[in-house]
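Working notes, beginning with the structure itself.
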Amino acid sequence: MANDVNEMSALLHEQLRGKISIQSKVPIKTKEDLSLAYTPGVAEPCRRIAANPGDAYKYTSKGNMVAVVTDGSAVLGLGDIGSLAGLPVMEGKAILFKEFGGVDAFPICIDTSGITDEAQIIDTIVETVKRIAPAFGAINLEDIKAPRCFEVEKRLKNELNIPVLHDDQHGTAIVVAAGLINASKVVGKKLEDLTVTINGVGAAGSAIARMLLKLGVKDIRLVDMKGIINKNNPDTMLNANHAELAQITNLKNQSGGLAEAAIGADVLIGVSKANLFTQDMIRTMTKDPIVFALANPNPEILPDEAKSAGVAVIATGRSDFPNQVNNVLAFPGIFKGILSAMANSFSDGIMMTAVKSLAGYIPEGQLNANNILPSPLDKNVAQVIANAVIKYEREQKLNLSKSTMNTNNKFEK
């Protein structure tokens, strides 16, 4: 089956010569058409933008255009294959933006080959994105390896005045968090009472941990190549991101590997490699455990194996099993919302709004072990999330306006 899909996909890409193209919104059939769309008429919107840069949102595609940026260092399950080889994935991301969110997107593949210094690679990515940013209303960072991705996102958020999001981190975290909210309802457990083990502490695993902490989960164990990350054991921390997470996770100072981290856990989340979760591990978890086995294309454990070991709810990253954790459930809607609201950043409030609106998409009466997330093909999901984000931003601006008025009134008195 997999080989058939691979061959058919290669043939499709060859026949189409890529998946995206540019389509004009205006006809160019007469001299008048040409004068309005291009010279001499185009000079007037140019002059207005020069006088007021904010008018770019009125006169150009900027307000609905996202740059999908990669260096090709962590592409899907393929790893560091380079920016050129990552282009088909970036094109795919662009068509998902359009198909599900009505958002225009364009792939930007940055070549860092030949640069061996990590700081220089980060500088190159950041500087390139800053240089091309005027054409875009938001930046979606994609398939950039950890820990590089953390520094790139942090710097771009600080140095740009448009929203920046690394989807491999936050898109994944939003969908996982929404799924866990609903899975915990299915098994009758409260989020704040859960013990959660996350295997794989790269971009996705780190963001999931931080998101779950914000949702109220208190007991999280993180497992990476050196075992359970422990603040008292520097050997378990591979980078600054691990060191930071060590201060807010593993409150009981547990040590050991994945098997030890699974003991007594209510939830086991994998963003790592195939076949790492065993039935014996699952049997050491609490009653009615929840497993999110998200490695692609092969999960950490197959659903049938997990269920036979006692798992109550299982999600994977695959479309051929129930409960698919797919970022397309998050990024089209959250970008559509933030662009429509003309927000300048992805705040924690926006992220949490997206989580709660996605979790609430399925009525509680319809929740069950095989239905904790909507289908990734449900195009209404993006609009629901977008509406929630827009509403949140309007309320924030209204509250800010009221606060400013109250402050001014106080000074006037």
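Worth a mention:
- I125 vs. criteria surrounded by fewer than 21 Cβ atoms within 10 Å (Cβ to Cβ) and outside any strand (DSSP E or B): no
- D71 among the charged types (D, E, K, R), touching a helix residue (DSSP H, G or I) at 6+ places or on another chain (Cβ under 9 Å) and under 20 Å from A341 (Cβ atoms): no
- Residues satisfying the stated conditions in the range 317-349, i.e. within 17 Å of I390 (Cα to Cα) and surrounded by fewer than 23 Cβ atoms within 10 Å (Cβ to Cβ): S340, A341, M342, A343, N344, S345, F346, S347, D348, G349
- Any helices (runs of 4 or more DSSP H) falling wholly within the range 228-333 and containing at least 1 residues that are within 25 Å of N368 (Cβ to Cβ): 258-262, 279-283, 303-308
- Conditions (1) more than 22 Å from V291 (Cβ to Cβ); (2) out of contact with any Gly (no Cβ under 6 Å at 6 or more places or on another chain); number of the one not met by G137: (2)
- Residues in the range 54-92 that are β-branched (V, I, T), buried (at least 21 other Cβ atoms within 10 Å of the Cβ) and under 21 Å from N298 (Cβ atoms): V75 only.
- Boolean, P134 is outside any helix (DSSP H, G or I), of a type outside the set (D, E, K, R) and within 29 Å of A382 (Cα to Cα): no
- Criterion applied to N199, N230, N241, N158 was being under 22 Å from F292 (Cβ atoms) and either outside the structural domain of F277 (by TED's automatic domain parsing) or buried (at least 21 other Cβ atoms within 10 Å of the Cβ) (or both), and the one residue passing it is N199.
- Check on L294, closer than 20 Å to L212 by Cβ and in contact (Cβ under 8 Å) with a residue 60 or more places away in the chain: yes
- Restricting R210, R221 to residues that are more than 21 Å from the chain's Cα centre (by Cα) and within 28 Å of N327 (Cβ to Cβ) narrows the list to R221.
- Residue in the range 173-188 that is part of a loop (DSSP other than H, G, I, E, B) and either within 25 Å of S255 (Cα to Cα) or not basic (K, R) (or both) present: yes
- Residue check: R210 meets all listed conditions (1) in a loop (DSSP other than H, G, I, E, B); (2) of a type in the set (K, R); (3) closer than 30 Å to V311 by Cα but one, namely (1).
- All positions within the range 340-369 that are closer than 17 Å to N399 by Cα and of a type in the set (A, V, I, L, M, F, W, C): A341, M342, A343, I350
- Per this entry, K273 is counted among residues that are under 16 Å from T197 (Cα atoms) and modelled with pLDDT under 95.
The values are calculated or read from the model by the stated rules, or taken from the named source; none is laboratory data. Please read all numbers here as calculations on a predicted model, not as lab measurements. Ideal geometry is used to build each Cβ from the backbone, glycine not excepted, and the neighbour counts take in all protein chains shown.
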